[in-house]
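Q: Have a look at the structure that comes next, please.
Every number here is computed from the coordinates shown, using simple stated rules; none is lab data. What you are looking at is a predicted structure, and each value in this text was computed from that prediction instead of being measured. We place every Cβ from the backbone using ideal geometry, glycine too, and count neighbours over all the protein chains shown.
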Amino acid sequence: MSYTNILNMLDLAGLPVRSQDRRELKPVVMAGGSCAFNAEPLAPFIDLFVLGEGEEVNLEVLECYRAAKREGVSKKEFLKRAAQIKGVYVPEFYEVDYHADGRVRSVRAREGAPEIVEKRIIRDLDKVYYPVKTVVPSTEIVHDRVMLEVFRGCIRGCRFCQAGYIYRPVREKSADALIKTGIDACKLSGYEEISLSSLSTSDYRHLEELCDGLLDWCEPNNTNLSLPSLRADNFSFELMERVQKVRKSGLTFAPEAGSQRLRDAINKNVREEDLAKTCRIAFEGGYNTLKLYFMIGLPTETDEDVIEIARLAYRMHRLAKETSTSKRGVKITVSVSCFVPKPHTPFQWEAQNTIEEFERKQELLRAHMPRAVNFSWHDPRTSYIEAVFARGDRRLADALEEAWRSGCRFDGWGEYFSFEKWMDAFRKTGLDPDFYAARERDTDEVLPWDHLSCGVSRNHLLRERSKAYRSEITPDCRVRCTGCGANKMLEGGVCDA
Amino acid sequence: MRKMRLMFAKDGVASYLSHLDVMRTFSRGFNRAGIQLRHTEGFNPHPYLSIAHPLSVGVTGSRELLDCIVMSDGDYDLPRKMNEFLPSGLRIVGEADPDRDLNEIAFADFTLTLFYDSVAPAEAIYDLSALFSRPDIPVMKKSKKGLVQVNLADSIDRVGFEISDDGVSVSVLLKANPAPLNPRYLIEAINEQHLIPDFVRYHRNGFLDADRRPFA
């Protein structure tokens, strides 16, 4: 929902928003990150995308740019050269043909650009440059602390989760290197808090060793260590107690679905017993707030699955009341978002629930949710626009520009979001948002992002999809390699899971 | 352990930092300089740092007071060390007696610069002098109980006007009993009289004691 902000930033910088209207070599507009894995809705605005991890490829692109400036070549010549760098996607060198009904017929590379752009990864995280002396804003910011990245990728393979697929293969940093980086970053920034960052912190193999090493320095230096992204099924209370010497606040877990059957279908392998056990220990140990995150609209979901969210919340609330030792009472918060199918996941072919369907399910949940539980939900209209752009093609760029010209900004913020303006933009540009959000794709359809690869094979995604329909789980990558294909990016083809 | 009272200047981009951001920035500055501060011993340790009568956002100051407790005893090079690590606009300019009671602050010395696009400074000064020579200058002040009317004249010890390069320079001593009034109320009184300046710059020169000598 930040796409209009990108156009706005270009405009505020005094630049034409479309790449073709910026004819000079200076400036070049470059983008990356998770959205680059379906760059198509932004294709006409951005000169070049970088797929995957930037540490090395950014330097290669800059070197190429320096040479282009030295030699005084045209922007087009620079882009042609840059397209030869692995991981660089120059959208203007790709020609997209459509069927009459709007589906993509083919994507063809021109000007010597590769047919398939494969993302870049860092093979050895211990050897790559990692900034310890960072810019430290003097005003309070989001993440106002040292962020220490412990590993990339995720062993879990939750079928709805794009991050779980596009950041593969799993690569860890060594505890020694992390301890040194963390302490240096604190000394150089002056921060008094370190937060470990990864997709699932409790899956880091050397977590105890890392925490011990950091705490040895943190405690005498009044520095806090925080551990987000913990899973309910392998959560260590000893660790939590050691780390969280400061006040006991709340716990947050994301079971994502209410019933075990649906949790199996999405491969979120958390069992209710594990959740209950963790919560019991937490409440007995004095914690008094619990937040639970769920999604509605997941593939194969029935009304029974939806109601099960309320039942699970009820059981957790009863458990909390029975076991809590807190004098202030217990608070359970349930937050329910609307599922958005994402590219490069096993659910990339699925239709999203319609807004009416989401609203009906929210109403159903409201009717069943115990009064004592704090219940909040997301606006399905925002999730609908997200779903349109998540799996959009480059024709959507017109709608995006139209929406921005009609005043859309900061659409991720409820107070700025105008559904009407977005729908007007689709109407004016002759595009049907349902075509993108609410349509199930055939598995032989050419998807707008098929020429952008994160290293995970399409066959793996299809296998995972059919297992989802059978509510069959896939064990995590440490139990058994699932053959997703991302390991081929590593020398020797063995991943670090 | 040593109690210290540091004097610092806050100007340039740092003038837009809020009080809490200034506290956090100093705390990080001490850490970067490797100077350990005494911390509270509760659940959530934070450094003992306090700033006397913190400036509003956008106001600059040249001799602001920061009290802290450093863990080492003999670090007399502290201001130089700190200045190496503070961001642009924040600077330690000296040290003061940490044992002097802050209640001895009797006045805050401000310079306000009023920019007028279409009024001649001399003309403005004439009207301003007339306004501030009145015994009653009512302004509405925001308090915890809502808006209350106060007499601005009660808070002003003395005020002077002169023409400066930029417009009209107002020197004013505000009584600090117990806390100095926010100087923006002067501007509100001026606005009431339709002498609305196009732009105002606020600067605090420092604090004075009851004898009108620099407090620190």
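Q: When a/c is below 1.5 the answer is rounded, else prolate if a/b is larger than b/c, else oblate, so apply that to chain B with a ≥ b ≥ c taken from the square roots of the Cα gyration tensor eigenvalues. Kindly include the intermediate steps, with their values, before the conclusion.
A: Numbers: a/c = 2.25, a/b = 1.94, b/c = 1.16.
In terms of gyration-tensor shape, prolate.
Q: Which of these, B:21, B:11, B:77, has the largest mean-square fluctuation under a Gaussian network model of chain B (Cα springs below 10 Å)?
A: Its mean-square fluctuation being the largest, the pick is B:77.
Q: Once you have a ≥ b ≥ c as the square roots of the Cα gyration tensor eigenvalues for chain A, tell me rounded if a/c is under 1.5, and otherwise prolate or oblate according to whether a/b is larger than b/c.
A: Working: a/c = 1.68, a/b = 1.26, b/c = 1.34.
Note, shape of chain A comes out oblate.
Q: While we're here: What relative contact order, as a whole-number percentage, does chain A give when Cα pairs under 8 Å and 6 or more residues apart are counted? Mind showing how you got there, number by number?
A: Numbers: 868 pairs, mean separation 90.3, N = 497.
Relative CO of chain A lands at 18 percent.
Q: Express as a percent, rounded to the nearest 5, the fraction of DSSP beta bridges in the protein assembly as shown (both residues included) that run antiparallel. Could the numbers behind the result be given before it?
A: Working: 60 of 91 bridges.
The antiparallel proportion sits near 65 percent.
Q: I would also like to ask the following. How long are the semi-axes of the equivalent ellipsoid of the range A:204-363, defined as square roots of 5 times the Cα gyration tensor eigenvalues? Whole Å, largest first.
A: That gives 32, 20, 13 Å for the three semi-axes.
Q: If I model a spin label as a point 7 Å beyond the Cα along the Cα-Cβ vector, how far apart are those points for residue A:124 and residue A:405 in nm?
A: Simple spin-label model gives 5.3 nm for this pair.
Q: I've got another one for you. Could you tell me the center-to-center distance, by alpha carbons, between the range A:407-483 and the range A:51-89 in angstrom?
A: Computed from Cα coordinates, the inter-centre distance equals 29 Å.
Q: Most mobile of B:39, B:53, B:203 per a Gaussian network model of chain B (Cα springs, under 10 Å)?
A: Per the Cα network of chain B with a 10 Å cutoff, B:39 tops the list.
Q: So how far apart, in nm, are the two label points at residue B:44 and residue A:315 if each is 7 Å from Cα heading toward Cβ?
A: Taking the simple label geometry, residue B:44 and residue A:315 are separated by 3.4 nm.
Q: Now for a separate question. Just report the Cα centroid separation between the range B:19-47 and the range A:200-229, whole Å.
A: With the range B:19-47 and the range A:200-229 each reduced to a Cα centre, they are spaced 21 Å.
Q: Still on this structure, please answer the following. Grab the beta carbon distance between residue A:462 and residue A:99, set R0 = 30 Å, and tell me the FRET efficiency rounded to 0.05. Spell out each step's value before the answer.
A: Details: r = 22 Å, r/R0 = 0.73.
After rounding to 0.05, the efficiency reads 0.85.
Q: Can you tell me how the range B:2-99 classifies by the Cα gyration tensor, rounded, prolate or oblate, using a/c under 1.5 as the rounded cut?
A: Numbers: a/c = 1.57, a/b = 1.31, b/c = 1.20.
It is prolate, given that a/c is not under 1.5 and a/b is the larger ratio.
Q: Further, regarding this structure: Summing -39500 (n - 2.57) over the DSSP H runs of n ≥ 4 in the protein assembly as shown and dividing by its residue number, what mean residue ellipticity at 222 nm do you reach, to the nearest 500 deg cm²/dmol? Working shown, then result.
A: Details: 20 runs with 220 residues, N = 713.
-9500 deg cm²/dmol, from helical runs alone.
Q: Relative contact order for chain B using alpha-carbon pairs under 8 Å, separation at least 6, rounded to a whole percent? Spell out each step's value before the answer.
A: Values: 407 pairs, mean separation 55.9, N = 216.
It rounds to 26 percent for chain B.
Q: What trypsin sites (Lys or Arg not before Pro) does the range A:409-497 have in DSSP loop regions with at most 12 other beta carbons within 10 Å?
A: A:470, A:478, A:480
Q: May I ask you to list the chymotrypsin sites (Phe, Trp or Tyr not before Pro) in the range A:69-131 that are in a DSSP loop and have at most 16 other Cβ atoms within 10 Å of their Cβ? Intermediate values should be presented prior to the final figure.
A: Numbers: sites: A:78, A:89, A:93, A:94, A:98, A:129; in loops: A:129.
Sites meeting the loop and neighbour criteria: A:129.
Q: Still on this structure: Determine the distance separating the Cα centre of the range A:11-29 from the Cα centre of the range A:164-188; give it in Å without decimals.
A: About 36 Å separates the Cα centre of the range A:11-29 from the one of the range A:164-188.
Q: Pick out, in residue order, every one of the trypsin sites (Lys or Arg not before Pro) in the range B:1-52 that is DSSP loop and has at most 14 other C-beta atoms within 10 Å; say none if there are none.
A: Values: sites: B:2, B:3, B:5, B:10, B:24, B:28, B:32, B:38; in loops: B:38.
Answer by residue number: there is no such site.
Q: Among B:170, B:210, B:98, whose Cα lies farthest out toward the positive end of the dipole of the protein assembly as shown, if unit charges sit on the beta carbon of Lys, Arg (+1) and Asp, Glu (-1)?
A: Checked the options; the winner is B:98.
Q: Remind me, relative contact order of the range A:3-118 in percent, using alpha carbon pairs under 8 angstrom and six or more residues apart? Intermediate values should be presented prior to the final figure.
A: Details: 143 pairs, mean separation 24.7, N = 116.
Relative contact order, the range A:3-118: 21 percent.
Q: Compute a Gaussian network model of chain B, connecting alpha carbons closer than 10 Å, and tell me which residue from B:29, B:58, B:42 fluctuates the most.
A: Highest fluctuation among the options: B:42.
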